1. Among 21, 50, 4, which is the only one that is among the acidic types (Asp, Glu) and at pLDDT 75 or above?
2. Consider the stretch 29-55. How many of its residues are loosely packed, with under 10 Cβ neighbours inside 10 Å and over 30 Å from residue 13 (Cβ atoms)?
3. Could we say that residue 37 is modelled with pLDDT under 85, of a type in the set (Ser, Thr, Tyr) and assigned to a loop (DSSP other than H, G, I, E, B) here?
Amino acid sequence: MKSDTIQKGRGAQFNPPNRFDRLQYIGKQPSDGKTRYLKTHARTIVNKVDSPDIPLEFSM
């Protein structure tokens with residue numbers, strides 16, 4: 001993706017570097033710019049909650 005073009009609906013397109021950090025990460029971007037969907041399968045529908053600040057034992 002070119003830095004001078006903005007694609008609508010593609011999230012943040014400008015991320016200024018951190019002024020406190022000397023390193024900057026530049027990731028590899030998809031060549032076609034289209035959204036990619038990955039098909040995944042859940043193992044279970046009920047999940048056990050192990051967080052002390054959430055008063056639930058299980059969630060969906």
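The values are calculated or read from the model by the stated rules, or taken from the named source; none is laboratory data. The structure presented is a predicted model; accordingly, all values stated were derived computationally and were not measured. Cβ placement follows ideal geometry from the backbone for every residue including glycine, while neighbour counts extend to all protein chains displayed.
1. That would be 50, the only listed residue that is among the acidic types (Asp, Glu) and at pLDDT 75 or above.
2. The total comes to 13.
3. In short, no.
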